[in-house]
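The values are calculated or read from the model by the stated rules, or taken from the named source; none is laboratory data. Being a predicted model, the structure only gives us computed values, none of them experimental. We place every Cβ from the backbone using ideal geometry, glycine too, and count neighbours over all the protein chains shown.
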Amino acid sequence: MGVRTWFESWPVYRQLTGTDPLGRGAAAMSRRSAELAPRTEAADSMARSVCPYCAVGCGQRVYVKDGRVTQIEGDPDSPISRGRLCPKGAASKNLVTSRFRQTKVRYRRPYATEWEDLDLDTAMDMIADRVIAARAATWEDVDDEGRPLNRTLGFSGLGGATLDNEENYLIKKLFTALGAIQIENQARI
Amino acid sequence: MAECHPVGFQWAMAAKERGAKIFHVDPRFTRTSALASTYVPIRAGTDIAFLGGVINYILSNELDFREYVLAYTNAATIVSEDFRDTEDLDGLFSGYDPDTGVYDPVTWQYQGHEPQAAARDTVIERETASPLQHESHGPGVSWRVDRDETLRHPRCVYQILKRHFARYTPEVVEQACGIPREKFDEVCRAWTENSGRDRTTALVYSVGWTQHSVGAQYIRTGAIIQLLLGNIGRPGGGVLALRGHASIQGSTDIPTLFNLLPGYLPMPVAQLHPTYSDWVTSICHPKQKGFWHHAPAYCASLLKAYWGEAATPDNDFCYGYMPRLTGDHGIYKQVFDMIDGKIKGYFLMGQNPAVGSMNGRAQRLGMANLDWLVVRDLFEIESATWWKNSVEVETGEIVPTECRTEVFFIPAASHVEKEGTFTQTQRLLQWREKALDPPGDARSDLWFFYHLGRIVRQKLAGSTLPRDRAILDLAWDYPTHGPHDEPSADAVLREINGYDVKTGLTLRTFGQLRDDGSTVGGCWIYCGVYADGVNQAARRRPGGEQNYVAPEWGWAWPDNRRILYNRASADPQGRPWSERKAYVWWDGKKGCWDGYDQPDFEKTKPPSYRPGPDAEGVEAIAGDDPFIMLGDGKGWLYASSGLLDGPMPTHYEPPESLVRNPLYGQQANPVRKVYDRPENITHPSPPEPHVGVYPYVFTIARLTEHHTAGGMSRYVEHLAELQPEMFFEVSPELAAERGLTHLDWGHVVTARGVVEGRVLVTDRLTPLPVADRVVHQIWLPYHWGPNGWSRGDSANDLGGMVLDPNVLIQEGKCGTCDVRPGRRPQGRELVTYLNDYRRRAGILESHHTPIITTDTAAESYRQGRPDK
Amino acid sequence: MPENSLYGPLDPAPDAGYVDAPPRMGFFTDTSVCIGCKACEVACKEWNNVPEHGLDLLGMSYDNTGGLTANSWRHVAFIEQPVSRDRLADRGTGVGGQAGNQPPAFAGMPTTTVAAPESAVAAATTGKETGTEPGVVPGPEPAAAAPATTQFLGMPSSVLPGQLPGGERTDFRWLMMSNVCKHCTHAGCLDVCPTGALFRTEFGTVVVQEDICNGCGYCISGCPYGVIDQRKGDGRAWKCTLCYDRLRDDMMPACAKACPTESIQYGPLDELRERAAARLEHLHGIGETSARLYGNDPEDGVGGDGAFFLLLDEPEVYGLPPDPVVPTRDLPEMWRTAGKAALTMAAAVAVAFLGLGRRR
């Protein structure tokens, strides 16, 4: 920056020579202020989503920059919400970027008093083994009168109602094929 | 509504600006009350008494919308001469069996239909919550009924209803509910004056209404009012459930529920459905009207979706693979089975029962007796950590070094890190685009269950055991993509929609599903969501660019209809009831139904159509039968079947109450489901002694600033700081009576648990004069637990599990309690404290309130079996 | 330099040197439709990356924010207000609480004196069912358990909720209001800022520039509303910017966009004032005679607010000053002479610098 440019950006100079003699407006605007723009403008992408809290189903726009969610706000196109959000919906960025989010698998061994680390693939393999074992140990072919049961009461599941339809569909399909009938949801609660 | 669905409430506010009156009925004055035209305080658990009073007001003043009622409801239908009402039997209907605790509904049937009900097994129906399976389809009722169009026949539904509700007078409403006479009158006047040809009134409830031992009947009472006033199937009318979770509607449509399959198809029951044909017949009900007639197509297409090529007409589409129910396998039964060591493993997907479910102690004790537990969540919720920091660890009931449960915490992807559909409260599916990949080990549930299934199938590959055929033959080939091999939600949605096996083309409507194995359809009511190969749920034509129904935003089941039964928005001849309320109408020139919404009727069936005498199913629906899913095509003022606790709603006190039922000798719902266990003690209620040990009523609900069990709000700073810790609300009168000081500590005690919090003394709660006493109500939010940024005791530790018999949902919204100043005892002293209360109440070991409190049970049994 | 630059009606953006300034933008917050959901508080924090204000249960009804601070740029006040019967008769409305024409919320409800004898009998059995069990914390004696009216309730009223003197339970309403920086026409904070950190934007709003502010804190005493505040550990002054960055791209401020019931309305101030006048007339028409506008009058002590309100009671009830005056009102007179001298000096310095610049 040349001295002249530097000097001309000096607020007092602008104040004295410009239209803002009291130096409270245009003359006082800093470089940062002059360049301010909403960060949504700089987003790499915007996804059209739906609020994950209650069942009103408000539209959300999710802005992402450099692999981080930088803003979530209402989708004005939605005829349900008209761009508005409640405090929970408005806190969605805070939810998905929360410093409290646990992003690593945690494992508690029987009788342990603390968590330990576990590799995701190993965890999946261990869970599959446990499903197979529980099923084998508790399988029921028929009832007392010889009527088919084809089932296990050895394990169960409880799903939240923020699961997607596609997720619920696969869960029910897999449980049913495994003969596991004890699957429940927040919808019962 | 303002409290828990603020953005939805903008529409109520918009209506208010245009002159609508809003009445808010709630035990506590909430943010909704603050904006309502009139707030009506009510004693928790007395909604049927209140709404029954409204029905009585309508019927005794003949203010019903007569033309609508005659044409579209079963008001004129004649009921069996053997039917006995609660009027005759002191609060019981005919047919009660004191041994099994359920009704034989033979005498409740329409005249001449009695034999239809003779074969029903209501014990199994209660155990399997079978009325829930009829959420969208009427149980079997033949459509040929005797009617009296003058409504004068003493046994026509209209007259029966009138007699049944005659005792629900304003005085009774005042006594039972604590609602002053003039307020009640105001509600009745406004509701009736604002209903009819030219006006409609909406009834909006939040799903706390379902959390009662008579929950289904609460909603029935509302539905009866709305039918009598002609407010169903019309714009501005309806009975609208404000559901509390993003896709809780979807979770029943495509259920992860033990007794349901997608599209409300019932899970097979071993005793009732040994064969495919038994199962299918039980759904399609030969001889009745309506679209359930096509159930064989829905069933076959679902089994084709499950077992693909293995499913053929010759092997009944692999029906033999289906696991069978034998009774109650619901979540509460499971919890006790866990405590008893019968269940080895437990998956939790975005669910926090340690805080969010009733009777938290039983939930945690159950989890402490598993072999393994898998928790999938965004945060380390209490259901993942009860083994180190729960109340039971404090009291020594759970000793970490002695607890064998192996716990896997698998982090979950958030709603922006995966794609898929939510179904919101209005049956509208909306597709979410994925914004970015989930962090670290976090994965979607789609990923988790797809890969779990894949690994299990790998491990079992080559097995020759018959039991493994179902999992090995399963159609489980979903395309995957991305760095984590994420399965395609789009492909799953296509399967849910259904397609033609030969061409692979997606189907447009459930009418295209076939029973011969030529179509796949994962959820028949969702058929059309992928019509024309287009993801209709992803449609986002701006609301401002279409009519107010906005049919091109997302997709609603069935067939993108936004108001169900909207044929009723036109008169029997197909003309709008009024220009102001025009919605769907018959266009004689075009020869089809037209309107702002997709008509919920066969497009070209004219209003004048009448079925032949032998017609069945869809063909039997007359041109003026709007209720196309019900067996007689009518809206039911009287439910001859489908509900286990009576054909008409009846006021029963909650299982825990301070007062004797002011209407009948029968105190509480005689068909309620009880688990009589030491972990699940119910307090004494009248007419039992010792009611005074727990002398107040508590009710539990949500705050705007938090979400359910707090798993999505206590860890979110911008929310948690707005309601930073556990508190409970009492009236100034109760504060004075109990020595509670604003902002000081206090605690609430039941036989199940003690919960402490700060006391908020507020005018928003008021003592209610009820019968011969004053009832004080305490309100608690249930958002807290020991984890998270903001922490506190869990209010759900106070509640017990007594269930509605129709749907097996718990009484969660009212119980009795004591309240004291100061903090609760800690550690072992907590157990001693609880036991002292129990001892004084005479319920130390175990207790549930007596099921029958009238001496008419034997008479009811006898009356219920006229021929025996 | 116009005479009235520090007092009286004025269009502040042109006055601050913006040629062809866009219309002055502002907020009209209509408290008669506020549902107290606090979406505004959260949306503001999410957009502006405002840190949490901390966990502190205040017991001021549902207000746990407490006020406008450096870490809370929107603040929803909750007022639980007993309403006397006389007052109700005057009101006759359906806004912000119970309609006066209709039975009041708690009419017919028992009062303390009615409640006590009957329920006390039931309650008294609590600690006394046997009276001999060991380990039971004895229940308070019902009659003695009422310390009654001495506790502080965080409410505007000094009596226990629900009771006017005389012990009768009254009617009740629950007022809610989302408060925010007023973006005054004559902004005390801006006028006293020695560093130029506070400035007037082309939209007529008042913004602290975080890259300039040095944390001197003069602005805090300059605000007649007590809005602007220094952040602990940071020292700089922070407050509502009316989402200056969003405005520059024609976007609505975050709070107004989120507000579910349009209690917070954003737009050209002239338009908002018209809208507010019509709303007030409507409310008066339906009998809400206590409705009033606050901060809309260009003749008031701050030359009118860029963010003004429709209230349902006296401003004091909401914690707002009834008659705010910009502290710099008398400055022109005081500084008329001193200013001239200062300007002459500054000009001399500037000329010296310019000369330097040219030589290089």
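Could you tell me which residue of the range B:245-272 is farthest from B:Arg324 (Cα to Cα), considering only residues that are among the aliphatic types (A, V, I, L, M), more than 14 Å from the chain's Cα centre (by Cα) and within 9 Å of another protein chain (Cβ to nearest Cβ)?
Ranking the qualifying residues of the range B:245-272, first place goes to B:Ala246.
Is it true that some residue in the range A:45-57 is of a type outside the set (Val, Ile, Thr), modelled with pLDDT of 95 or more, in contact with a helix residue (DSSP H, G or I) (Cβ under 9 Å, 6 or more places away or on another chain) and assigned to a helix (DSSP H, G or I)?
no
Taking the stated definitions as given, is A:Phe155 more than 30 Å from B:Trp789 (Cα to Cα) and more than 7 Å from chain B (Cβ to nearest Cβ)?
no
Just the residues that are in a helix (DSSP H, G or I) and crowded, with 19+ Cβ neighbours inside 10 Å, please, taken from the range B:319-334.
Matches in the range B:319-334: B:Tyr319, B:Tyr321, B:Ile331, B:Tyr332, B:Lys333, B:Gln334.
For C:Gly287, indicate whether it is in the same structural domain as C:Met25 (by TED's automatic domain parsing), buried (at least 22 other Cβ atoms within 10 Å of the Cβ) and either in contact (Cβ under 8 Å) with a residue 12 or more places away in the chain or part of a loop (DSSP other than H, G, I, E, B) (or both).
no
Somewhere in the range B:171-182, is a residue on the phi > 0 side of the Ramachandran plot and touching a strand residue (DSSP E or B) at 6+ places or on another chain (Cβ under 8 Å)?
Yes, the conditions are met somewhere in the range B:171-182.
Could you grab me the full set of residues in the range B:676-701 that are crowded, with 20+ Cβ neighbours inside 10 Å and assigned to a loop (DSSP other than H, G, I, E, B)?
Matches in the range B:676-701: B:Asn680, B:Ile681, B:Thr682, B:His683, B:Pro684, B:Ser685, B:Tyr694, B:Pro695.
Being crowded, with 23+ Cβ neighbours inside 10 Å and in a loop (DSSP other than H, G, I, E, B) is the filter here, so list the residues in the range B:507-518 that pass it.
B:Leu507, B:Leu513 - these are the residues of the range B:507-518 that are crowded, with 23+ Cβ neighbours inside 10 Å and in a loop (DSSP other than H, G, I, E, B).
With respect to the numbered conditions (1) outside any loop (DSSP other than H, G, I, E, B); (2) crowded, with 24+ Cβ neighbours inside 10 Å; (3) in contact with a strand residue (DSSP E or B) (Cβ under 6 Å, 6 or more places away or on another chain), which one is the sole condition not fulfilled by B:Met358?
(1)
Given the options A:Pro110, A:Pro76, name the one that is surrounded by fewer than 18 Cβ atoms within 10 Å (Cβ to Cβ), more than 17 Å from the chain's Cα centre (by Cα) and under 30 Å from B:Glu3 (Cα atoms).
That would be A:Pro76, the only listed residue that is surrounded by fewer than 18 Cβ atoms within 10 Å (Cβ to Cβ), more than 17 Å from the chain's Cα centre (by Cα) and under 30 Å from B:Glu3 (Cα atoms).
Test C:Arg236 against the criterion of being without any contact (Cβ under 8 Å) to a residue 24 or more places away in the chain, within 14 Å of another protein chain (Cβ to nearest Cβ) and either of a type outside the set (Phe, Trp, Tyr) or farther than 25 Å from A:Pro87 by Cα (or both), and give yes or no.
Criteria not met by C:Arg236.
Of the residues in the range B:519-534, how many are part of a loop (DSSP other than H, G, I, E, B) and buried (at least 20 other Cβ atoms within 10 Å of the Cβ)?
Residues in the range B:519-534 being part of a loop (DSSP other than H, G, I, E, B) and buried (at least 20 other Cβ atoms within 10 Å of the Cβ): 7 in total.
Looking at B:Gly623, B:Gly617, B:Gly665, can you tell me which residue is surrounded by fewer than 24 Cβ atoms within 10 Å (Cβ to Cβ) and within 27 Å of B:Leu768 (Cβ to Cβ)?
Going through B:Gly623, B:Gly617, B:Gly665 in turn, just one is surrounded by fewer than 24 Cβ atoms within 10 Å (Cβ to Cβ) and within 27 Å of B:Leu768 (Cβ to Cβ): B:Gly665.
Just a yes or no: is a residue in the range B:7-30 away from chain A (no Cβ under 14 Å) and touching a His at 6+ places or on another chain (Cβ under 6 Å)?
There is no residue in the range B:7-30 that is away from chain A (no Cβ under 14 Å) and touching a His at 6+ places or on another chain (Cβ under 6 Å).
Here are some conditions: (1) part of a loop (DSSP other than H, G, I, E, B); (2) within 14 Å of chain C (Cβ to nearest Cβ). B:His718 meets all but one. Which one does it not meet?
(1)
Determine which member of the set A:Asp125, A:Asp164, A:Asp75 is within 30 Å of C:Ala43 (Cα to Cα) and facing chain B (nearest Cβ under 7 Å).
A:Asp164
When residues of the range B:647-705 are filtered for being touching a strand residue (DSSP E or B) at 6+ places or on another chain (Cβ under 9 Å), aromatic (Phe, Trp, Tyr) and more than 12 Å from chain C (Cβ to nearest Cβ), how many remain?
Number of matching residues: 3.
Would you mention how many residues in the range B:818-868 are modelled with pLDDT of 95 or more, in a loop (DSSP other than H, G, I, E, B) and among the acidic types (Asp, Glu)?
Number of matching residues: 1.
Got at least one residue in the range B:309-318 being within 11 Å of chain A (Cβ to nearest Cβ) and surrounded by 24 or more Cβ atoms within 10 Å (Cβ to Cβ)?
No, the range B:309-318 contains no residue that is within 11 Å of chain A (Cβ to nearest Cβ) and surrounded by 24 or more Cβ atoms within 10 Å (Cβ to Cβ).
Confirm whether B:Arg764 is facing chain C (nearest Cβ under 9 Å), of a type outside the set (Phe, Trp, Tyr), within 18 Å of B:Ala701 (Cα to Cα) and touching a residue at least 12 places away in the same chain (Cβ under 8 Å).
Yes; evaluated as a whole, the condition is true for this residue.
Return yes when B:Ile343 is under 20 Å from B:Phe408 (Cβ atoms), more than 9 Å from chain A (Cβ to nearest Cβ) and in contact (Cβ under 8 Å) with a residue 12 or more places away in the chain and no when it is not.
So B:Ile343 fails the test.
Sort out which residues of the range B:819-860 are hydroxyl-bearing (Ser, Thr, Tyr) and either farther than 24 Å from B:Arg660 by Cα or free of Cβ contacts under 8 Å to residues at least 24 places away in the same chain (or both), and write them in order of number.
B:Thr832, B:Tyr833
For B:Glu756, indicate whether it is in contact with a Lys or Arg (Cβ under 7 Å, 6 or more places away or on another chain) and either more than 10 Å from chain C (Cβ to nearest Cβ) or surrounded by fewer than 24 Cβ atoms within 10 Å (Cβ to Cβ) (or both).
The answer is yes for B:Glu756.
Here's a check for you: in the range B:178-203, which residue that is within 12 Å of another protein chain (Cβ to nearest Cβ) and under 28 Å from the mean Cα position of the chain (by Cα) is surrounded by the fewest Cβ atoms within 10 Å (Cβ to Cβ)?
My answer is B:Ala190.
When you scan the range A:127-145, do you find a residue that is of a type in the set (Gly, Ala, Ser), without any contact (Cβ under 8 Å) to a residue 40 or more places away in the chain and surrounded by 19 or more Cβ atoms within 10 Å (Cβ to Cβ), even just one?
So far as the range A:127-145 goes, yes, one or more of its residues are of a type in the set (Gly, Ala, Ser), without any contact (Cβ under 8 Å) to a residue 40 or more places away in the chain and surrounded by 19 or more Cβ atoms within 10 Å (Cβ to Cβ).
So, A:Gly146, is that one in a loop (DSSP other than H, G, I, E, B), not hydrophobic (A, V, I, L, M, F, W, C) and not assigned by TED's automatic domain parsing to the domain that holds A:Thr176 or not?
no
Name, by its number, the condition in (1) more than 16 Å from A:Ala180 (Cα to Cα); (2) at the interface with chain A (Cβ under 7 Å from one of its Cβ atoms) that does not hold for B:Met367.
Every listed condition holds for B:Met367 apart from (2).
Give the residue, chosen from A:Ser81, A:Ser156, A:Ser98, that is hydroxyl-bearing (Ser, Thr, Tyr), closer than 22 Å to B:Thr708 by Cβ and not in a loop (DSSP other than H, G, I, E, B).
Going through A:Ser81, A:Ser156, A:Ser98 in turn, just one is hydroxyl-bearing (Ser, Thr, Tyr), closer than 22 Å to B:Thr708 by Cβ and not in a loop (DSSP other than H, G, I, E, B): A:Ser156.
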